[in-house]
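The values are calculated or read from the model by the stated rules, or taken from the named source; none is laboratory data. As the structure is a computational prediction, the values presented were derived from the model and not from experiment. Heads up, the Cβs are rebuilt from the backbone with ideal geometry, glycines too, and the neighbour counts pull from every protein chain shown.
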Amino acid sequence: MTATGTSWVRVPDGSHFPIQNLPYGVFTRQEEAPRVGVAIGDQVLDLAGLARAGLLDGPGWFAAPSLNAFMAAGTAAWHQARARLTELLTDTRHRSLVEPHLARQAAVELRRPFEVADYVDFYSSRDHARTVGQIFRPGSAPLPRNWLYLPVGYHGRAGSVVVSGTPVIRPRGQLQPAGGAAPAFGPTRRLDFEAEVGFVVGVGSTQGQPVAAGAFAQHAFGFMLVNDWSARDIQTWESQPLGPFLGKSFATSLSPWVVPVAALSAARVRPPSQDPPPAAYLNCAEPWGLDLSLQIMLNDHIVARPAFRGMYWTPPQQLAHATVNGAPLRTGDLFASGTVSGPGPDERGCLLELTWDGTRPLTLPGGATRSYLEDGDTVRITATAPGADGVTIGFGSVEGRVVGAG
């Protein structure tokens, strides 16, 4: 037997994936078909193989190229699978049967973990919204009047959501030159990253029936890291009067591992107080702030360390607001937080803030400077959180390299 809180699988010091985490993903190796796996240490456990061997229940959920069927199965199936996997990986009596189904993560290809149904991106950080308001509306109230009353968001493009490691091709579009009378067309000159945290819906809902904030855990399957790449010049020109369109829709990157809601119970904290009090449909009795610590690296240099616990609007409030008009949830719906930023200059989650829209360039090691991203730049975002038993768990990373428009 193995003591509670430890696994017979060796987990390297500092790993994001101890037994208390067990995030889900989709992987393939050699000529095998994609299937569902769980990360443990620096290895991945093949759940399709476990199911074939009779060690794990699941009617075809895991021998699939996405998590969607398993996510749609609901909370009872999620809890049962998590309990069984914990047993298999902690009780040494199972080791000889389970060990053949482990593979090194370095030896497999990680895929996008789920098929994205719809994609919604919010604007939930008060610090981010205030800073952006100060940049673009100096001398005016930094927050739009509606911002303190509802979670502001927009619908993105599900088809361009890609897994970490996918190259990001510099988008083209209409740009408004400084002082120019007419727009020009060409590659964006103000390509940016946005460090975000997202969650994915497992269980859908019926059209016309809003989902209460208190029902969040019955619908949300898990969380992951998101980079909502943004072409700021295209976005600025097109967002009059509607909102983001081509400046956002070219690529959104996801981390390959989805951390289950259950793994984040120790990370839950009270969110910031909300004044004015939110509308009744946005009330949530449970504390759903999350104590996540993000780190953003540009070309292996740390440029910011935002904290998610300061986000003003919480995931349950985002879900409640997105459905209050009767819009249905579908398995695979992706909800992103919006840029995670804090009050300090080293807590800003995008270059728009970090460089004050390019007017205060960052200086990188070796003397290079960046106002916005250049071709060849790599952005890598990671995050950690408190886990059960006093350990630290993590989300892995979401990474992307900028490729020229050609």
Can you tell me which condition residue 348 does not meet? The list is (1) under 19 Å from the mean Cα position of the chain (by Cα); (2) surrounded by fewer than 23 Cβ atoms within 10 Å (Cβ to Cβ); (3) not in a helix (DSSP H, G or I), and all the others hold. (2)
Sole exception among (1) within 21 Å of the chain's Cα centre (by Cα); (2) under 30 Å from residue 66 (Cα atoms); (3) touching a residue at least 24 places away in the same chain (Cβ under 8 Å) for residue 245, by number: (3)
Which condition breaks for residue 294 when tested against (1) touching a Pro at 6+ places or on another chain (Cβ under 9 Å); (2) part of a loop (DSSP other than H, G, I, E, B); (3) more than 17 Å from residue 155 (Cβ to Cβ)? (2)
Being within 15 Å of residue 191 (Cβ to Cβ), in a strand (DSSP E or B), at pLDDT 95 or above and assigned by TED's automatic domain parsing to the domain that holds residue 236 narrows 398, 379 down to just 379
For the range 171-184, give me the residue count where each residue is within 24 Å of residue 226 (Cα to Cα) and out of contact with any Leu (no Cβ under 6 Å at 6 or more places or on another chain). 2
From the list 16, 94, pick out the single residue that is touching a Phe, Trp or Tyr at 6+ places or on another chain (Cβ under 9 Å) and surrounded by fewer than 19 Cβ atoms within 10 Å (Cβ to Cβ). 94
Looking at 145, 172, 130, can you tell me which residue is loosely packed, with under 14 Cβ neighbours inside 10 Å, of a type outside the set (Asp, Glu) and under 30 Å from residue 358 (Cα atoms)? 145
Filter result (more than 15 Å from the chain's Cα centre (by Cα) and part of a strand (DSSP E or B)) within the range 249-277: 268, 269
Got a number for residues in the range 300-320 being surrounded by fewer than 23 Cβ atoms within 10 Å (Cβ to Cβ) and under 21 Å from residue 252 (Cβ atoms)? 1
Exactly one condition in (1) closer than 18 Å to residue 260 by Cα; (2) touching a Pro at 6+ places or on another chain (Cβ under 9 Å); (3) without any contact (Cβ under 8 Å) to a residue 40 or more places away in the chain is not met by residue 33; state its number. (1)
Among the numbered criteria (1) within 24 Å of residue 25 (Cβ to Cβ); (2) not in a loop (DSSP other than H, G, I, E, B), which one does residue 330 miss? (2)
Boolean, residue 373 is aliphatic (A, V, I, L, M), buried (at least 20 other Cβ atoms within 10 Å of the Cβ) and touching a strand residue (DSSP E or B) at 6+ places or on another chain (Cβ under 9 Å): yes
Just to check your reading of the model, which residue among 226, 203 is part of a strand (DSSP E or B) and among the aliphatic types (A, V, I, L, M)? 226
I need the full set of residues from the range 192-212 which are among the small types (Gly, Ala, Ser) and crowded, with 24+ Cβ neighbours inside 10 Å, in order please. 195, 198, 202
Please verify whether the range 278-286 includes one or more residues that are closer than 23 Å to residue 78 by Cα and outside any loop (DSSP other than H, G, I, E, B). no
Could you grab the pairs with beta carbons closer than 6 Å, sequence gap of 6+ or different chains, first residue in the range 353-381 and under 22 Å from residue 166 (Cα atoms), second one among the hydroxyl-bearing types (Ser, Thr, Tyr)? 380/397
Return yes or no: is residue 319 assigned to a helix (DSSP H, G or I) and touching a strand residue (DSSP E or B) at 6+ places or on another chain (Cβ under 9 Å)? yes
